[in-house]
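Visitor: Mind having a look at this structure? Questions to follow.
The values are calculated or read from the model by the stated rules, or taken from the named source; none is laboratory data. These numbers were taken from a predicted model, which means no experiment stands behind them. Don't worry about glycine lacking a Cβ; one is built from the backbone with ideal geometry, like all the others, and counts go over all protein chains shown.
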C-alpha cells in the first residue's frame, strides 16, 4: 500500500493497531483497553504516525514488542 498522505496513513493505522492491541493484551495478560492505552500513549505510536519512519512495515509481533518494551521501561509519554 502506498502511503502518500496523512489520511491514508491514519486509515492504515486503524486497520492494524487492533491486532497489535490483541497481541499486547495476550502477552501481558491485560485488557484490550489497557493495551490500547499503552499504544496510544507511546512514543512508538508517534513514530508510526510519521510517514517518513515507515515503521508500519514491521510485523505486528515486533511492533507489539516495541510497545511492551517501552511500557516496561516506563517511557510512555502520556502516562
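Visitor: Against the condition closer than 23 Å to residue 8 by Cα and buried (at least 17 other Cβ atoms within 10 Å of the Cβ), how does residue 50 come out, does it pass?
Guide: No: the conditions fail for residue 50.
Visitor: If we keep just the residues of region 29-40 that are outside any helix (DSSP H, G or I) and touching a helix residue (DSSP H, G or I) at 6+ places or on another chain (Cβ under 9 Å), which is nearest to residue 66 (Cα to Cα)?
Guide: The extreme case among them is 30.
Visitor: Sticking with this one: Checking residue 20 against (1) in contact with a helix residue (DSSP H, G or I) (Cβ under 8 Å, 6 or more places away or on another chain); (2) in a helix (DSSP H, G or I); (3) at pLDDT below 95: exactly one of these is not met. Which one?
Guide: (3)
Visitor: Looking at region 53-79 only, could you name the residues that are within 23 Å of residue 8 (Cα to Cα) and outside any helix (DSSP H, G or I)?
Guide: 53, 54, 58, 59
Visitor: Now for a separate question. Can you pull out the residues in region 25-47 that are more than 25 Å from residue 8 (Cα to Cα) and either surrounded by 12 or more Cβ atoms within 10 Å (Cβ to Cβ) or under 12 Å from the mean Cα position of the chain (by Cα) (or both)?
Guide: Hits for region 25-47 are 25, 26, 27, 28, 30, 34.
Visitor: Next question. If a residue has to be modelled with pLDDT of 90 or more and out of contact with any helix residue (DSSP H, G or I) (no Cβ under 8 Å at 6 or more places or on another chain) to count, how many in region 41-64 make the cut?
Guide: 3
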